[in-house]
Amino acid sequence: MYDTIIIGAGMSGLAAGIRLAYYDRRVCILERHNTIGGLNSFYRLRGRDYDVGLHAVTNFTPKGEKKGPLARLLRQLRFRWDEFALAEQVGSTIAFPGVSLQFGNDFDLFRSEVHRQFPRQKDQFEKLISKIVDYDDLDQEIFDLSTRQVLTETIDDPLLIEMLLCPLMWYGNGREHDMDFGQFCIMFRSIFFEGFARPLAGVRLILKKLVRKFRGLGGELKLRSGVDKIHVQDGEAVSVVLESGEELLGRKVVSSAGWLETMRLCDDVSHVDSSQAGQLSFTESVSILDCPPRDLGVDRTIVFYNDSEKFHWQKPSGLSDVRTGVICSPNNFAYDPDDDAQAMTDGVVRITSLANHDSWSALSEQEYALEKLRCYDDVLESAVKFTPDFRGHIIDTDMFTPTTIRRYTGHDNGAVYGAPRKRLDGATHLKNLFICGTDQGFVGIIGAIVSGISVANQHLLRD
């Protein structure tokens with residue numbers, strides 16, 4: 001009998017497990033795949049290491065900072081700041097036709113950029129900042145407000161509204177067209193008030209630290225252990241049945257599989273409304289260069305681009321929508337020059353675009369391979385309008401699509417940010433079953449880790 005069974009060895013599940021293990025709870029984390037991390041994972045191809053999911057760690061704050069999600073998770077999981085080896089971004093950009101806004105890890109830069117490019121919106125922008133500062137993270141009613149409505153009531157310039165929405169939707173919004181105001185505030189704080197950083201070794205460093213800590217505290221991690229169902233009796237989850245047929249008993253169950261996906265596992269739920277699933281999925285192309293990107297003028301850490309004054313955030317009608325995207329170079333962080341791991345000899349450029357899961361999954365194997373090649377070319381053609389053209393220096397490529405995301409996250413439609421409706425408290429219809437991660441409303445590396453911590457503290461350690 002376990003005190004807690006956790007479904008999914010992503011960031012949130014591992015964090016919840018660590019938190020519980022510190023209090024001598026018997027915890028088992030179940031992972032369907034033979035590797036950890038979910039979407040935020042890594043793989044090796046043709047002798048090179050690739051990150052999946054991670055562009056940058058958001059919510060960065062400097063060493064010694066006592067406030068903010070990063071400081072909180074370090075305290076709660078008992079890590080030292082240096083253990084994550086975070087290097088700050090060099091600098092990022094929001095790029096629309098003829099207008100760009102630069103930002104870094106100092107909010108004053110972004111503020112000055114908005115004031116410079118939109119001088120008539122200075123006072124309105126400061127009013128918006130006040131609303132974001134005053135936002136209560138636990139108020140579900142305010143969380144659910146329309147961001148477009150709040151922005152329209154606060155800011156007069158439609159272009160500034162679209163430019164503010166672009167990076168925040170890209171890095172944490174499961175709704176089409178609009179965004180929950182609570183999610184907007186969370187993402188604004190994490191990107192503009194705090195900022196971006198990355199370990200030189202990528203996401204694998206963070207995952208390995210979490211797993212080592214969990215196992216060191218006596219936690220059990222079972223890979224290749226997919227869950228077939230959650231057995232329910234008298235309003236409680238009483239056991240978890242694996243795809244192998246093995247049944248595990250647990251007093252409490254936490255799932256990072258997603259809200260709909262978790263409900264579908266419960267054998268007391270006769271119907272799950274799949275229309276409530278998220279629709280937004282991505283392709284990501286990875287280009288390996290024969291030189292550092294900055295040698296070609298590609299010197300930004302991240303560029304959020306959009307090719308018109310209107311930002312379109314919706315499921316594409318075809319395979320992909322390359323009108324908007326994210327360009328990221330993991331080379332463009334301020335790594336320690338004395339770091340022995342300075343073995344990032346390859347230049348890397350990653351580009352993310354919106355994609356349609358249904359369209360990709362309907363392709364035959366031969367069609368799929370051909371369309372990946374076509375899509376890769378289309379993505380680069382669009383992206384080089386907003387960054388120096390690096391295509392003549394590509395020596396290797398890879399690309400993943402919504403079908404890959406669906407396989408490794410289990411989310412319906414390969415929805416990167418899960419279902420549009422979030423459950424902030426993590427509670428379900430069963431008194432001892434809880435969710436953590438994306439569908440709780442926490443996104444990104446730091447958000448996912450904080451999600452696991454919050455569920456453990458609020459629901460699993462109060463007995």
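What follows is calculated from the coordinates using simple rules that are stated; it is not laboratory data. The structure displayed is predicted, hence computed values, not measured ones. Note: ideal-geometry Cβ built from the backbone for every residue, glycine included; neighbour counts use all protein chains shown.
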What number comes out for the charge environment of Lys127, summing +1 per Lys or Arg and -1 per Asp or Glu over other residues with Cβ under 12 Å away?
-> -3
Any idea how far apart Thr345 and Asp234 come out in nm if each label point goes 7 Å out from Cα toward Cβ?
-> 6.4
Out of residues 5 or more away from Gly10 or on other chains, whose amide H comes under 5 Å of its own, with H placed 1.01 Å from N in the peptide plane?
-> Gly37
Within region 253-267, whose backbone N sits under 12 Å from a point 7 Å along Cα→Cβ of Gln276?
-> 259-264
Once the dipole of the chain is set up with Lys and Arg at +1 and Asp and Glu at -1 on Cβ about the Cα centre, which of Leu373, Leu159, Leu289 lies farthest towards its positive end?
-> Leu289
Using alpha-carbon pairs under 8 Å, 6+ residues apart, how would you state the relative contact order of the chain in percent?
-> 24
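Using per-residue counts of other Cβ atoms within 10 Å, averaged over each peptide, order 425-435, 348-358, 267-277 from highest down.
Answer by packing, highest mean first, reads 348-358, 425-435, 267-277.
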Taking a label point 7 Å from the Cα of Met399 along Cα-to-Cβ, the residues of region 288-303 whose backbone nitrogen sits under 15 Å from it are 288
Can you run phi through the Karplus equation (6.51, -1.76, 1.60; θ = phi - 60°) for region 432-438 and list ³J(HN,Hα) in whole Hz, with x for Gly and Pro?
-> 10, 10, 9, 10, 9, x, 4
Average Cα contact separation per residue, region 107-190, under 8 Å, 6 or more apart, as relative contact order % = 34
Over the chain, what is the percentage of antiparallel beta bridges among all DSSP beta bridges, to the nearest 5?
-> 75
Could you state the per residue volume, in Å³, of the convex hull enclosing the Cα atoms of region 107-190?
-> 89
Would you compute, from DSSP H runs of 4+ residues alone, the mean residue ellipticity of the chain at 222 nm, taking -39500 (n - 2.57) per run and dividing by the full residue count, rounded to the nearest 500?
-> -9000 deg cm²/dmol
Multiply the residue gap between Arg116 and Lys66 by 0.36 nm, knock off their C-alpha separation, and tell me the result in nm, one decimal place.
-> 14.8 nm
So, with +1 on the Cβ of K and R and -1 on the Cβ of D and E, and no other charges, what is the size of the charge dipole of region 42-87 about its Cα centre, to the nearest 20 debye?
-> 140
Checking rank on 318-326, 391-399, with mean other Cβ inside 10 Å and highest first, the result is 318-326, 391-399
Just tell me which aspartates and glutamates come within less than 13 Å, Cα to Cα, of Lys252; anything on the same chain fewer than 8 places away is out.
-> Asp3, Glu236, Asp463
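Between Tyr23 and Arg224, what length in nm is gained on full extension when 0.36 nm per residue of separation is reduced by their alpha carbon distance?
Values: separation 201, 0.36 × 201 = 72.36 nm, distance 2.67 nm.
My answer for the length gained is 69.7 nm.
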The orientation-averaged projected area of the Cα convex hull of region 280-409, in nm², is 9.0
Which of the pairs Lys127/Lys431; Lys310/Lys372; Lys66/Lys310; Lys67/Lys315 have their Cα atoms more than 30 Å apart in this structure?
-> Lys127/Lys431; Lys66/Lys310; Lys67/Lys315
